[in-house]
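Student: Just dropping this structure here.
Every number here is computed from the coordinates shown, using simple stated rules; none is lab data. Quantities reported herein were computed from a predicted structural model and do not represent experimental measurements. Ideal geometry is used to build each Cβ from the backbone, glycine not excepted, and the neighbour counts take in all protein chains shown.
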Amino acid sequence: MPELPEVETVANGVNQRVRGERIESVWLGSKPEPFKTGPSEMAKILTGRRIERVYRIGKHIVFDLDGNDAPQWIVHLGMTGRLLVSAASASVPLHTHAILKLTTGRELRFVDPRRFGRLALQKRVNSSGFQGPGHEPLTISIEQFTSLFRGRKTTIKAALLNQKLLHGVGNIYADESLFRVGIRPTRMAGRLTREQLARLRSALQEVMQHAIAMGGSSVSDYVDADGVKGYFQLEHRVYMRGGQPCLVCGTSIRRIVLAGRGTHFCPMCQK
DNA sequence: ATACCGACCTGTCAGC
DNA sequence: TGCTGACAGGTCGGTA
């Protein structure tokens, strides 16, 4: 489900609702567990901690916890993960894998039907926290951005999805940003000009900032921390519009499979 | 080192 | 109505 704008929306929403609260008790269920750390160890470490801050790095949601040498709690939503702040009396959805009971009586719940999501504890190294695998798309400089793709013998679509280069870009925003700059997803990343890459960086940042402002894209079951849908899916110009007319020129939008993912583009507008 | 491909899961929808 | 297959926003491990 979630890419950078959706994860940002969820992280901000959770931060506003649970920042400063203490974790009273922890329930971790389901098998096989979507946990990198063993569930009993994770529950033990989380219990009693105060949540100091919740924020996004790449597609990861990072929980800063109080206490000396406290690890960070990392949540990855996978494709269908949700992180909800609910009243304890609210019914527990199917596929709930974790419940953190907070001192205010509310619960932080992790729900994930497809179980592609992951929960992990991350030790701080030299007091520096979780860094993520790649560069942050919203703040990367033009210089850094263009150097990421230099000499790369793969398609620009695959390169955009590679989390070790940029983290946070997923299938929707890769397709949407490439459409907005008129670049075909099949183009070799290393063959793009510096000028094209500079425009791609701007388009990626604009489309993601716009999506954050609209609460993310709700394509199937994405919702924020209150269970509210985003609206950016109404702004999609190519994603999931295969066979429909291009909004700019009217040509039928093509859908192909690239890097194992559904890929959408306008054969007229994108060269 | 780098890149492709299938696997991991469940749910939904189109087509028969 | 009910079955089957294709597809879904992500990542990982094995293989080339």
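Student: Putting +1 on Lys and Arg Cβ atoms and -1 on Asp and Glu Cβ atoms, find which of A:LEU119, A:GLN270, A:PHE179 reaches farthest to the positive end of the dipole of chain A.
Tutor: Farthest towards the positive pole: A:GLN270.
Student: Still on this structure, I have one more. Looking at the range A:125-203, which chymotrypsin sites (Phe, Trp or Tyr not before Pro) are in a loop (DSSP not H, G, I, E or B) and have at most 15 other Cβ atoms within 10 Å?
Tutor: none
Student: Next up: If the limit is 29 Å between Cα atoms, which of A:LYS44/A:LYS164; A:LYS229/A:LYS271; A:LYS59/A:LYS229; A:LYS153/A:LYS229; A:LYS123/A:LYS153 go over it?
Tutor: Flagged as over cut-off: A:LYS44/A:LYS164; A:LYS229/A:LYS271; A:LYS153/A:LYS229; A:LYS123/A:LYS153.
Student: With +1 on each Lys and Arg Cβ and -1 on each Asp and Glu Cβ, and nothing else charged, work out how big the dipole of chain A is about its Cα centre, in Debye to the nearest 20.
Tutor: 1000
Student: Pull up all non-local amide H partners of A:GLU24: gap of 5 or more, or a different chain, and H-to-H distance under 5 Å with H placed in the peptide plane.
Tutor: Those qualifying (amide H under 5 Å, at least 5 residues apart or on another chain) are A:GLY48, A:LYS101, A:LEU102, A:THR103.
Student: Does the range A:72-118 come out rounded, prolate or oblate by the C-alpha gyration tensor, with a ≥ b ≥ c the root eigenvalues, rounded set by a/c under 1.5 and, if not, prolate when a/b is larger than b/c and oblate if not?
Tutor: oblate
Student: Is the C-alpha gyration tensor of the range A:4-122 telling us rounded, prolate or oblate? Criteria: a/c under 1.5 is rounded; beyond that, a/b larger than b/c is prolate, otherwise oblate.
Tutor: Rounded, because the longest to shortest axis ratio a/c is under 1.5.
Student: Run lengths n ≥ 4 of DSSP H only: what is the helix-derived mean residue ellipticity at 222 nm for chain A, with -39500 (n - 2.57) per run over all residues, to the nearest 500?
Tutor: Computed mean residue ellipticity for chain A: -7500 deg cm²/dmol.
Student: Over all directions, the average projected area of the alpha-carbon convex hull for chain A comes to how many nm²?
Tutor: Its Cα hull, projected and averaged over all orientations, spans 14.7 nm².
Student: How long is the gain from A:HIS210 to A:ALA259 if the chain were fully straight, where each residue apart is worth 0.36 nm and the alpha carbon distance is subtracted?
Tutor: Separation in residues times 0.36 nm, less the Cα-Cα distance, equals 15.0 nm.
Student: Additional query: Restrict the search to the range A:192-236; then list the chymotrypsin sites (Phe, Trp or Tyr not before Pro) that DSSP places in a loop and that have at most 14 other Cβ atoms within 10 Å of their Cβ.
Tutor: Those satisfying the criteria are A:TYR231.
Student: Please work out the C-alpha center-to-center distance from the range A:198-271 to the range A:116-155 and express it in whole Å.
Tutor: After rounding, the separation between the Cα centres reads 22 Å.
Student: Let me ask you something else. Counting Lys and Arg as +1 and Asp and Glu as -1, each charge on the Cβ, what is the dipole of the range A:4-122 about the Cα centre in debye, to the nearest 20?
Tutor: 220
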